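Participant: Questions regarding the structure given below will be posed in turn.
The values are calculated or read from the model by the stated rules, or taken from the named source; none is laboratory data. What you see is a predicted model; the values in this text were computed from it and never measured. Reconstructed Cβ throughout: ideal geometry from the backbone, glycine too, with neighbour counts over all protein chains shown.
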Amino acid sequence: MNTTTLHTEYLRASRSIDTVALSNNNGIEQLMYIYNYEGYSYRIFESLTDLLAFFQEGKEPRWHFESEEEVERWMERQS
């Protein structure tokens, strides 16, 4: 799985949202949104709707990790 960060939006100096494209060997891409909270909490969202639901309603995403290394390992396993 190849990953490309398309955009990073900084909410504060220590909080950001990365828009990431995941693509497999067939060139199929999927956009994901990664919310980085101060470098120790990473939430991955499959859509902007899910991301907005988190901020507006507190709805947790399907994936939540505690380190950047965990996020990278998760991305490597996606196909």
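Participant: Taking Arg62 as meeting all but one of (1) in contact with a Phe, Trp or Tyr (Cβ under 9 Å, 6 or more places away or on another chain); (2) surrounded by 11 or more Cβ atoms within 10 Å (Cβ to Cβ), write down the number of the exception.
Facilitator: Evaluating Arg62 over (1) in contact with a Phe, Trp or Tyr (Cβ under 9 Å, 6 or more places away or on another chain); (2) surrounded by 11 or more Cβ atoms within 10 Å (Cβ to Cβ) leaves (2) as the failure.
Participant: From the list Val20, Val71, exactly one residue is assigned to a helix (DSSP H, G or I), in contact with a strand residue (DSSP E or B) (Cβ under 6 Å, 6 or more places away or on another chain), on the phi < 0 side of the Ramachandran plot and not basic (Lys, Arg). Which is it?
Facilitator: Only one candidate passes the filter, namely Val71.
Participant: Within segment 46-64, which residues are of a type in the set (A, V, I, L, M, F, W, C) and either assigned to a loop (DSSP other than H, G, I, E, B) or touching a residue at least 24 places away in the same chain (Cβ under 8 Å) (or both)?
Facilitator: Leu51
Participant: Any residue at all in segment 30-45 that is among the acidic types (Asp, Glu), surrounded by 11 or more Cβ atoms within 10 Å (Cβ to Cβ) and not in a helix (DSSP H, G or I)?
Facilitator: no
Participant: Of the conditions (1) outside any strand (DSSP E or B); (2) modelled with pLDDT of 95 or more; (3) loosely packed, with under 13 Cβ neighbours inside 10 Å; (4) not basic (Lys, Arg), Tyr10 fails just one. Which one is it?
Facilitator: That leaves (1) as the condition not met.
Participant: Can you find, within segment 26-53, the residue that is farthest from the chain's Cα centre (by Cα) among those that are of a type in the set (Ser, Thr, Tyr) and farther than 19 Å from His7 by Cβ?
Facilitator: Of everything passing the filter in segment 26-53, Tyr40 is farthest from the chain's Cα centre (by Cα).
Participant: Checking Arg43 against (1) touching a residue at least 24 places away in the same chain (Cβ under 8 Å); (2) within 21 Å of Arg77 (Cβ to Cβ), only one condition comes out false. Which one?
Facilitator: All conditions pass for Arg43, except number (1).
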